[in-house]
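What follows draws every value from the coordinates through simple rules; no lab data is involved. Just so it is clear, the model here is predicted, and its values are computed rather than measured. Positions of Cβ are generated from backbone atoms using ideal geometry, with glycine treated the same way; all protein chains shown enter the neighbour counts.
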Amino acid sequence: MKVSFYKNKVEIRELSEEFEPKHIFECGQCFRWNREEDGSYTGVVQNKVLNVKKSGDLIILNNTNKKDFESIWIDYFDLNRNYSKIKTRLSDSNLKNIVEFGKGIRILNQDEWETLVSFIISANNRILMIKRVIYNLSKNHGHFIGHYRGKEYYSFPTADKINQLSEKDLRLMKTGFRAKYIKDAAERVSKDKEWLYNLKDMSYDQALEEIKKIKGVGDKVGNCILLFSMKKHEAFPVDIWMKRIMEQVYNINGKPEEIRKKSETIFGQYSGFAQQYLFYYASQGKLKE
DNA sequence: CCACAGGGCGGCA
DNA sequence: TGCCGCCCTGTG
């Protein structure tokens, strides 16, 4: 990986095969990135607005600088991890095509609080709706960051801010029955932020048990939070798409917990990465029947 | 108008 | 412990 810095832009070379914006932003791990007309993606991370474009072998981060690249983007885009090695390890006869299909996927390291709320919202919900609810929350209760390409961008509201809202306020954001779960999370986290931010130091099992104490967080949502914001790569979220693809590829069917257990024996420490390639493949309409 | 998609909770065996 | 009805919103 070679990086060049400009006034308001960072360019990355020699990472082409392991970085594909469409794969990264549309594999179900994040909800705040949107495709622009030129095929680039614009999103909000913390209080920054970033645009990501791939042009041939060049990856261009627009609207940013060297300081933010080093302090935010290296970790956020997991740039120090060797995805080539992971893909080689996962490319057995069953997974070869599936890994190839999503070869530019990287697992983002997102904020714990935003990820917690985002995946509570994801319960029994579709991606388009989840994105809409998160946008509503940010626009109405986050703070204004700035304009980019003529659009307004807002940060995700803090736990303290959401804790001041009523269940009715939250329902106005179209959270539906999840409003009381979000309130529960905000109350817990605003009272004790250390609790949430220290979960990453626990084992996978311990952290999952802890995060499930929040109402609205069960096995699937909990595994998503651990994988997408706490670097727990043993995590293997099983939703309806994962059930379908695991049955098709490995002839495994059963309860989510049973499927997760089997994933551990097949993929080991790479379960979370395998889950992303499988989910992306299934969700992009590549399932049979 | 109705059917359906999509995780977790809570009540009831 | 396991099962099942229900929660909410948008789309077809």
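At-a-glance table
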read-out: Gained length - A:S93 relative to A:E194, 0.36 nm times residue gap less alpha-carbon distance; value: 32.0 nm
read-out: Principal axis dimensions, largest first and in whole angstrom, of chain A by Cα; value: 52, 49, 38
read-out: For the range A:1-53: span of alpha carbons on each principal axis (Å, largest first); value: 28, 26, 22
read-out: Net charge dipole size for the range A:245-287 [Lys, Arg +1 and Asp, Glu -1 on Cβ; Debye, nearest 20]; value: 40
read-out: Dipole of chain A [Lys/Arg +1, Asp/Glu -1 at C-beta], most positive-end residue of A:L199, A:F236, A:I134; value: A:I134
read-out: Sites A:D78 and A:S166 - FRET efficiency at Förster radius 30 Å, r taken between beta-carbons, to 0.05; value: 0.20
read-out: Cβ-based exposure ranking for A:M129, A:M173, in which fewest neighbours within 10 Å come first; value: A:M129, A:M173
read-out: Inter-part distance where the range A:234-253 and the range A:111-166 are each reduced to a Cα centre, Å; value: 29
read-out: Only Lys, Arg (+1) and Asp, Glu (-1) charged, at Cβ; chain A dipole about Cα centre in debye; value: 600
read-out: Neighbour-count order for A:F101, A:F267, A:F144, fewest beta carbons within 10 angstrom listed first; value: A:F144, A:F101, A:F267
read-out: Mean separation of Cα contacts under 8 Å (6+ apart) over length of chain A, as relative contact order %; value: 18
read-out: The range A:2-80, relative contact order in percent, only Cα pairs under 8 angstrom and at least six apart counted; value: 33
read-out: Cross-link pairs A:K213/A:K261; A:K22/A:K67; A:K151/A:K220; A:K54/A:K215; A:K161/A:K213; A:K139/A:K180 - those with Cα-Cα distance over 29 Å; value: A:K151/A:K220; A:K54/A:K215
read-out: Trypsin sites (Lys or Arg not before Pro) within the range A:184-216, DSSP loop, no more than 12 other Cβ atoms inside 10 Å; value: A:K213
read-out: Over the range A:31-134: Rg over Rh, Cα atoms, Kirkwood Rh; value: 0.99
read-out: At most 14 other Cβ within 10 Å, DSSP loop - trypsin sites (Lys or Arg not before Pro), the range A:94-177; value: A:R126, A:R149
read-out: Between the range A:48-65 and the range A:88-105, the alpha-carbon center distance in angstrom; value: 25
read-out: The range A:99-116 - phi-based ³J(HN,Hα) in whole Hz, Karplus 6.51/-1.76/1.60, Gly and Pro as x; value: 5, 4, 4, x, 4, x, 5, 9, 8, 6, 9, 9, 5, 4, 5, 4, 5, 4
read-out: Computed [θ] at 222 nm, deg cm²/dmol, chain A (DSSP H ≥ 4; -39,500 (n - 2.57); rounded to nearest 500); value: -12500 deg cm²/dmol
read-out: Gain on full stretching of the segment that runs from A:N65 to A:K9 - 0.36 nm per residue minus C-alpha separation; value: 19.6 nm
read-out: Under Karplus coefficients 6.51, -1.76 and 1.60, residue-wise ³J(HN,Hα) of the range A:283-288 in Hz, glycine/proline x; value: 6, 8, x, 9, 6, 6
